[in-house]
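Okay, so here's the structure we're looking at.
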Amino acid sequence: MLEKMEEFNMEKVIEDFEAMTKDAERVQRQTLKKILEENASAEYLQNLGLDGRTDPESFKAIVPLVTHKDLDPYIQRIADGDSSPILTGKPITTISLSSGTSQGRPKFIPFTDELMETTMQIFQTSFAFRNREFPIVNGKALQFIYSSKQFKTKGGLAAGTATTNVYSRSQFKNTMKAMQSQCCSPDEVIFGPDFHQSLYCHLLCGLIFRDEVQSISSAFAHSIVLAFRTFELLWEELCANIRDGVLSSRITAPSIRSALSKLLKPDPELAELIYEKCSGLSNWYGLIPALFPNVKYIYGWIGANINPKVPTEFTSYAVLPNIGYFEFIPLRNNIGDQELCVEPKPVGLTEVKVGEEYEVVITNVAGLYRYRLGDAVKVVGFHNSTPEIKFMCRSNLLLSINIDKNTENDLQLAVEEAAKLLAAEKLEVVDFSSHVDLSADPGHYVIFWELNGEPSQEVLSECCNCLDKSFLDAGYLSSRKVNTIGPLELRILRKGTFQKILNHYLAQGAAVSQFKAPRCVGPHNNMVLQILWAMWLGVSLVPPIIIKCMHTVQIEC
């Protein structure tokens with residue numbers, strides 16, 4: 001269907017979305033029925049005794065909640081070449097790899113044509129609402145997208161990162177073309193053999209087509225931040241390439257050099273303009289509008305943002321009720337509930353409550369049944385009868401020692417608050433991570449910062465105290481007061497630490513498009529923890545910079 005699409009009908013996409021979200025419960029039942037009918041012959045469902053039933057009540061009573069560990073033996077059989085209907089009625093021909101940045105190693109996930117269609121539906125829906133507010137006309141997109149190398153599993157199935165499997169399909173390019181969002185970089189750059197060379201050429205292509213670029217995007221915001229931090233270091237070299245019409249010697253891949261030679265011509269006027277724009281900035285804020293005057297917006301691809309004018313900090317994503325069958329496990333935040341050790345039952349898509357947090361469970365067309373994604377989300381509202389959600393954290397990634405429970409979001413807020421103290425010295429946090437140190441009693445939180453300069457010891461002490469004060473979880477506050485959790489430590493890392501962590505994942509075959517800097521590093525991510533320790537211990541020629549908070553916790557009765 002998508003391959004035959006010749007033009008994008010924005011109003012039709014919005015109209016269809018409005019119709020399905022007005023009766024989300026009915027659409028959910030239909031979606032589950034379709035999934036179970038198409039996969040009725042699957043061994044997994046047969047063994048559970050579903051016997052062709054497709055109603056939600058029977059489905060939830062018979063099919064258990066699972067994690068990837070439960071389905072891994074079935075997926076491994078598929079990857080090893082078993083073509084019988086194991087998880088799906090139709091054979092699975094492609095395997096996706098998760099990023100592995102959360103749990104330390106990538107996981108195999110089935111990928112099908114039907115899953116590709118639902119992915120493109122999310123793209124189209126999000127674009128329709130964006131384009132209604134910020135119309136794009138005959139524009140190009142500066143897309144920081146990268147396709148890692150696919151390989152064959154033992155059974156001969158094509159395997160690659162999820163983003164690689166999306167980018168390599170013709171539906172993706174056709175959809176982008178229909179939405180007037182074609183990447184300004186040639187395929188040779190997207191599918192280049194080396195990430196660093198591809199990133200350099202994405203930036204170069206963006207500059208060559210600067211007047212035509214109307215949007216800037218990537219799968220994750222991290223890739224966009226990384227791209228422009230790289231630009232800060234290489235902009236003069238990029239200008240030289242444009243001025244002379246000669247590609248940098250750092251680009252050694254023949255396929256990329258050949259493709260860029262067709263685009264890169266001597267253009268001293270453009271080079272001078274870019275040089276003046278960059279030289280005229282007092283800092284790098286304002287760089288994008290200066291370089292790309294016709295850009296309407298910057299975005300990531302994770303979900304359907306149907307309110308694109310809302311400030312970034314309030315962005316939420318509407319759930320499309322026809323792309324899978326959704327359940328939500330309530331996350332209990334108070335200690336009393338945790339002590340009961342009884343996990344609450346999942347609720348349906350239309351049964352969630354505004355203000356509550358949930359773990360997402362999905363059943364999809366690619367053989368995942370009641371699969372716990374591990375993502376914790378907060379319901380911030382409803383659009384018609386479908387919820388609008390905001391990602392909070394990975395539900396199993398927590399800073400926790402005693403009865404405390406601080407999420408990635410809590411950590412983010414604490415870092416943002418403390419980082420304000422760096423502004424007076426015109427410094428900023430390049431990136432950050434954290435770890436629970438239990439090597440001594442009591443255990444304590446360790447926050448790792450990579451900075452773009454060298455602040456005073458006094459400012460770092462203030463930042464450390466601010467971090468400790470910013471964790472407002474009741475369990476943390478009470479544990480700090482009675483010293484069952486020790487004072488927080490802030491450790492300053494050598495410049496380039498998070499680039500080293502990225503390189504570690506790239507060496508394992510991860511795609512930068514899927515990379516998410518690990519925020520809470522536990523023992524399962526031992527290699528990342530080793531990098532953090534090594535880059536902290538190796539800070540310059542002076543003793544390692546470690547700041548311990550001196551703030552005394554007080555709790556009002």
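Bear in mind that the values in this text are calculations on the coordinates, not laboratory data. Keep in mind that what you see is a predicted model, and the values were worked out from it rather than measured. Neighbour counts are summed over all protein chains in view; Cβ atoms, including those assigned to glycine, are modelled from backbone coordinates with ideal geometry.
Based on the Stokes-Einstein relation at 20 °C and a viscosity of 1.002 mPa s, and on the Kirkwood radius from alpha carbon pairs, the chain is assigned a translational diffusion coefficient of 84 µm²/s. Only the Cβ atoms of Lys and Arg (+1) and of Asp and Glu (-1) were treated as charged; on that basis the dipole of the chain about its Cα centre amounts to roughly 880 debye. Here the relative contact order of region 398-541, from alpha carbon pairs under 8 Å that lie six or more residues apart, stands at 28 percent. Using the Karplus relation 6.51 cos²θ - 1.76 cosθ + 1.60 with θ = phi - 60°, the per-residue 3J(HN,Hα) values for region 249-263 come to 5, 5, 8, 10, 5, x, 5, 6, 4, 5, 5, 6, 5, 7, 9 Hz, with x marking Gly and Pro.
With contacts taken as Cα pairs under 8 Å and at least 6 residues apart, region 91-186 reaches a relative contact order of 32 percent. Given in Å, the Rg to one decimal and the Dmax to the nearest whole number for the Cα atoms of region 398-541 are 15.2, 45. Each residue, Ser255 and Leu281, gets one label point 7 Å from its Cα in the Cβ direction; the gap between the two is 3.1 nm.
Label positions at Lys345 and Asn47, each projected 7 Å from the Cα along the C-beta direction, are separated by 2.7 nm. Multiplying the residue separation of Ala290 and Glu428 by 0.36 nm and removing their Cα-Cα distance gives an extension gain of 47.5 nm. FRET efficiency for the pair Lys12 and Val66, taken as 1/(1 + (r/R0)^6) with r the Cβ-Cβ distance and R0 = 35 Å, rounds to 0.45.
The packing ranking, built from the mean of other Cβ atoms within 10 Å per residue, places the peptides 477-487, 49-59 in the order 477-487, 49-59, highest first. In summary, the lysines within cross-link reach of Lys60, defined as a Cα separation below 28 angstrom excluding same-chain residues under 8 places away, comprise Lys22, Lys33, Lys34, Lys69, Lys90, Lys107, Lys345, Lys353, Lys378, Lys390. Among Thr112, Tyr275, Thr484, whose Cα lies farthest out toward the positive end of the dipole of the chain, if unit charges sit on the beta carbon of Lys, Arg (+1) and Asp, Glu (-1)? Most positive-ward Cα: Thr112.
For Lys481 and Glu417, the FRET efficiency from 1/(1 + (r/R0)^6), where r spans their Cβ atoms and R0 equals 25 Å, is about 0.75.
Kirkwood's formula applied to the C-alpha pairs of region 381-433 gives a hydrodynamic radius of 13.7 angstrom.
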